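Worksheet: the structure to be examined is printed underneath.
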Amino acid sequence: MQRTVVAQLLLLFALLLLAAPGAWAQSSANVQRVDVTLHEDGWRLDADIEFQLNPQLREAVERGLPLHFSAQVEITRPRWWWFDHEVVKAERLWSISYNALLRQWRVSTGGLALPVSSLDDALALVRHIGGWVIAQPDAFRPGETYEGKLRLRLDVSQLSRPLQVDALNSSAWALATPWTPFTIHVPAQDVGKPQAVSSLAAPPDDVPFAEQGEMR
């Protein structure tokens, strides 16, 4: 039974890769908002990310091929006299899957499996990151400024090895935002409980599809 399912997924994957190259064109994917704030359990990151699946990827996941997403964040403290000091390097993973027998969508993240009613509802959990604890409460110094960057990508490393080889050689799976820079300003201690004020930096000139006109 298990071998039959794997064989069917491999066949489906191969057929999708044979689709017309133009059919794989991805919509613009970009980070629209990043907020980093201090809470009792640590520094939390909230973000809004815009991306769309093409029809072929939708068909793949609807037929039982899981899609895996990875959000990565890195935050450093600039040092003029030496290399920047790395303060945060964290990753969050999601897996979206569909059970055809139960007709149920499921999103797995952080050891939890959440049932949802549709693929769009599953994707919404990835697009809108909320309450992601990325650092301990004492990770950032009051009165300091930090530089961060965030990206989201379709993570083909979570696929089975035969599918990984094909995915790495296909633009079909090249769904990713660019690394999007943001700045965190941590108020001094004498102004009360420090709530970081984070803002997105201007998008890099060499990534034209990462337009940030809708940033808040």
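Just to be sure I understand the filter: pairs with C-beta atoms under 6 Å, separated by 6 or more residues or on different chains, first member in region 171-193 and under 23 Å from Val88 (Cβ atoms), second member of a type in the set (S, T, N, Q) and at pLDDT 90 or above. Which pairs pass?
Once the first residue is under 23 Å from Val88 (Cβ atoms) and sits in region 171-193, its partners that are of a type in the set (S, T, N, Q) and at pLDDT 90 or above give Thr177/Asn30; His185/Thr145.
Assigned to a strand (DSSP E or B) and either at pLDDT below 80 or crowded, with 16+ Cβ neighbours inside 10 Å (or both): does that describe Ser198?
Working: assigned to a strand (DSSP E or B): yes; either at pLDDT below 80 or crowded, with 16+ Cβ neighbours inside 10 Å (or both): yes.
When the stated conditions are applied, Ser198 passes them.
Going by the conditions given, is Arg141 modelled with pLDDT of 60 or more, assigned to a loop (DSSP other than H, G, I, E, B), within 19 Å of Ala90 (Cβ to Cβ) and of a type in the set (Lys, Arg)?
The answer is yes for Arg141.
Scanning region 56-65 for residues that are buried (at least 17 other Cβ atoms within 10 Å of the Cβ) and not small (Gly, Ala, Ser), which turns out modelled with the lowest pLDDT?
Here the answer is Leu57.
Cβ-Cβ under 8 Å, sequence separation 6+ or interchain: first residue in region 18-39 and part of a loop (DSSP other than H, G, I, E, B) and buried (at least 19 other Cβ atoms within 10 Å of the Cβ), partner at pLDDT 50 or above and of a type outside the set (Gly, Ala, Ser). Which pairs?
Ala29/Ile49; Ala29/Glu50; Ala29/Phe51; Ala29/Gln52; Ala29/Leu152; Ala29/Leu175; Ala29/Thr177
Hey, any hits in region 108-125 for a residue that's part of a strand (DSSP E or B) and in contact with an Asp or Glu (Cβ under 9 Å, 6 or more places away or on another chain)?
The answer is no; no qualifying residue exists.
Only one residue in Leu16, Leu93, Leu53 is at pLDDT 95 or above and within 26 Å of Arg151 (Cβ to Cβ), so which one is that?
Leu93
Can we say Arg151 is out of contact with any His (no Cβ under 9 Å at 6 or more places or on another chain) and modelled with pLDDT under 95? Steps first, please.
On the way: out of contact with any His (no Cβ under 9 Å at 6 or more places or on another chain): yes; modelled with pLDDT under 95: no.
Judged against the criteria, Arg151 is not a match.
So which of Arg79, Arg103 is over 25 Å from Arg33 (Cβ atoms), touching a strand residue (DSSP E or B) at 6+ places or on another chain (Cβ under 8 Å), of a type in the set (Lys, Arg) and loosely packed, with under 12 Cβ neighbours inside 10 Å? Write out each step before concluding.
Values: Arg103 fails: touching a strand residue (DSSP E or B) at 6+ places or on another chain (Cβ under 8 Å).
Selected residue: Arg79, the only one of Arg79, Arg103 that is over 25 Å from Arg33 (Cβ atoms), touching a strand residue (DSSP E or B) at 6+ places or on another chain (Cβ under 8 Å), of a type in the set (Lys, Arg) and loosely packed, with under 12 Cβ neighbours inside 10 Å.
The values are calculated or read from the model by the stated rules, or taken from the named source; none is laboratory data. Note that this is a predicted model, so its numbers are computed, not measured. Glycine also receives a Cβ, built like all others from the backbone with ideal geometry; neighbour counts cover every protein chain displayed.
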